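Data first, discussion second: the structure below is written as structure tokens.
The values are calculated or read from the model by the stated rules, or taken from the named source; none is laboratory data. Note that the coordinates shown come from a computational prediction; the quantities given were computed from them, not determined experimentally. Backbone-built Cβ (ideal geometry, glycine too); neighbour counts: all protein chains shown. The protein model used for the area step is the full one, side chains on, heavy atoms only, and it has no ligands, DNA or RNA in it. Shrake-Rupley method; radii C 1.70, N 1.55, O 1.52, S 1.80 Å.
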Amino acid sequence: MTHRDRLCAALDFGSWSAAEPFARAVAPEVGMLKVGLELFVAEGPPVVRAAAALGRPVFLDLKLHDIPNTVEGAARSAARSGAALLTVHAGGGADMVAAAVRGAGPGVRVLAVTVLTSLDAAALDAIGLTGPPEAAVVRLARMAVGAGAGGLVCSPLEVAAVRSALGTGPLLVVPGVRPTGAPRGDQARVATPEEAVRWGADLVVLGRPLREAADPAAAARAVARALPSDPV
């Protein structure tokens, strides 16, 4: 993978009219564009096609979490939108993950979200995920890959443990990255993009640090150039 291929820009906007100028600016500097829940709920499947028309594959980050039959149907619909990646919550269980993989079909890689990057150890304990975040993430990762998930989403602080536990097979996507000096925002478990790739991430997702930059394209270019071309 090239430096640019490892960077995904999050289109975290409330409408395509707001997202499009940013997307057009950063698309030449990144490997992928991410459509999240806010934008997808506002615009529906056409926004995936609009983003893909900018020449980059689209990561559809919906974090599906429902009964297997419902998730299978939703994944099938997501596949028709033209997305390349689709997220589901690993916490939905093995049957649900397997259903998403069936629904998505061979053209879409299903990624299982392990533990949200906004949760710290105390928050995990409160919802019943026992043990430190790393243990919970690896446990969910093993289950999801065993159910057929083609990749995983985890924080940069757990990516090395997941890579060690599961090897080079699954695509590891890491949000919760912040360039040196950038505000953490609502992220609890963070590292720099460079650290995430060195620790084993295939793809890092960056939102606010690009969106809030005076020149988003230049900011994306600088982050991409600083990324290792291969994880250590």
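Some notes on this structure:
- Spin-label model distance (nm) - ALA214 vs ARG76, 7 Å beyond Cα toward Cβ: 5.2
- Rounded to the nearest 20 debye, the dipole magnitude of region 1-52 is 160 debye, with +1 charges on Lys and Arg beta carbons, -1 on Asp and Glu beta carbons, and the Cα centre as origin.
- Heavy-atom accessible area, probed at 1.4 angstrom with all protein chains present, ranks HIS3, HIS65 as HIS65, HIS3, highest first.
- Global form of the chain, assessed from the alpha-carbon gyration tensor, a/c cut-off 1.5: oblate
- About the centre of its Cα atoms, the chain shows a dipole size close to 460 debye [charges on the beta carbon of Lys, Arg (+1) and Asp, Glu (-1) only; nearest 20 debye].
- Centre-to-centre, using Cα atoms only, region 81-142 and region 1-47 are separated by 22 Å.
- Remark: relative contact order (region 1-52) = 42 percent; criterion is Cα-Cα distance under 8 angstrom and separation of 6 or more residues.
- Here the Gaussian network model covers the chain, with springs between Cα atoms less than 10 Å apart; of PRO216, PRO193, PRO132, PRO132 fluctuates the most.
- Among MET96, MET32, MET1, the sequence by solvent-accessible area, most first, with a 1.4 Å probe is MET1, MET32, MET96.
- Paramagnetic label zone (point 7 Å from Cα along Cα-to-C-beta, ALA135; backbone N under 19 Å) in region 143-161: 143-144, 155, 157-161
- Heavy-atom accessible area per residue - the chain, 1.4 Å, Å²: 41
- Other residues with beta-carbon under 10 Å from the beta-carbon of MET32 carry, at +1 per Lys or Arg and -1 per Asp or Glu, a net charge of +3.
- Rolling a 1.4 Å probe across all protein chains gives SER164 an accessible area of roughly 100 Å².
- SER15/ILE127 FRET efficiency (R0 22 Å; Cβ-Cβ; nearest 0.05): 0.10
- Sulfur and carbon atoms: percent of accessible area, region 1-159 [1.4 Å]: 57
- Mean separation of Cα contacts under 8 Å (6+ apart) over length of the chain, as relative contact order %: 20
- Each of THR117, THR168 has its accessible area taken with a 1.4 Å probe; listed largest first, they run THR168, THR117.
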